[in-house]
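The values are calculated or read from the model by the stated rules, or taken from the named source; none is laboratory data. Keep in mind the model is a prediction, meaning the values are calculated, not measured. Heads up, the Cβs are rebuilt from the backbone with ideal geometry, glycines too, and the neighbour counts pull from every protein chain shown.
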Amino acid sequence: MLYLDTSVLVPLFVPEPESSSMRAWFDAQAGETLAISDWTLTEFASAMGIKVRDKGLKPDQAQKACDLMEKLAADSFKVFTPTRSDYGRATEHLGYHALGLRAGDALHLAIAQNEDAKYLYTLDRRLIEAARKLKFKAASPI
């Protein structure tokens, strides 16, 4: 099972420099179990809101992206609901200040670890470095 953080999903739904590469990577994962969390859906909606406020998307475009993301999650992903254990592990990671993790990234990492994901995929270099320092496999898909 591969756990995807939100940064991997946004370019699938809105134009970003990584969009074509991410679509190709995503298509190449046929047969793999892909996982996200309910937190991913919240973070995705937040990313769409930021794009609307920054005038990168119109509100109807952001809503369409959120609707499509919800459909993809329901149809194609294993979706984990964060548990008390996930929050506890994320809090532990945040205690290692030198890792430079933000709360949401620490939660993604904790969920991936607690659910025994083979890899955590993200476009966030800091998250990749932090995961590796914690002896967990993380990589950028592109």
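For the reader, a short list of remarks on this structure follows.
- Any hit, segment 47-66, residues being under 30 Å from residue 84 (Cβ atoms), charged (D, E, K, R) and modelled with pLDDT of 95 or more: no
- Residues of segment 91-142 classified as farther than 15 Å from residue 34 by Cα, surrounded by fewer than 20 Cβ atoms within 10 Å (Cβ to Cβ) and of a type in the set (Gly, Ala, Ser), total: 5
- Options 19, 37, 7, 46; residue that is surrounded by fewer than 14 Cβ atoms within 10 Å (Cβ to Cβ) and either within 22 Å of residue 140 (Cα to Cα) or of a type in the set (Phe, Trp, Tyr) (or both): 46
- Taking residues in segment 78-90 that are in contact (Cβ under 8 Å) with a residue 24 or more places away in the chain, and partners anywhere that are among the acidic types (Asp, Glu) and in a helix (DSSP H, G or I), the pairs with Cβ atoms closer than 7 Å and at least 6 places apart or on different chains are 79/38; 81/38; 82/38.
- Any hit, segment 130-141, residues being closer than 16 Å to residue 2 by Cα, over 14 Å from the mean Cα position of the chain (by Cα) and modelled with pLDDT under 95: no
- Segment 67-105: number of residues that are of a type in the set (Gly, Ala, Ser), over 16 Å from the mean Cα position of the chain (by Cα) and assigned to a helix (DSSP H, G or I): 3
- Sole exception among (1) within 12 Å of the chain's Cα centre (by Cα); (2) surrounded by 15 or more Cβ atoms within 10 Å (Cβ to Cβ) for residue 64, by number: (1)
- Candidates in segment 3-56 are the residues that are outside any helix (DSSP H, G or I) and hydroxyl-bearing (Ser, Thr, Tyr); of these, the one that is nearest to residue 121 (Cα to Cα) is 3.
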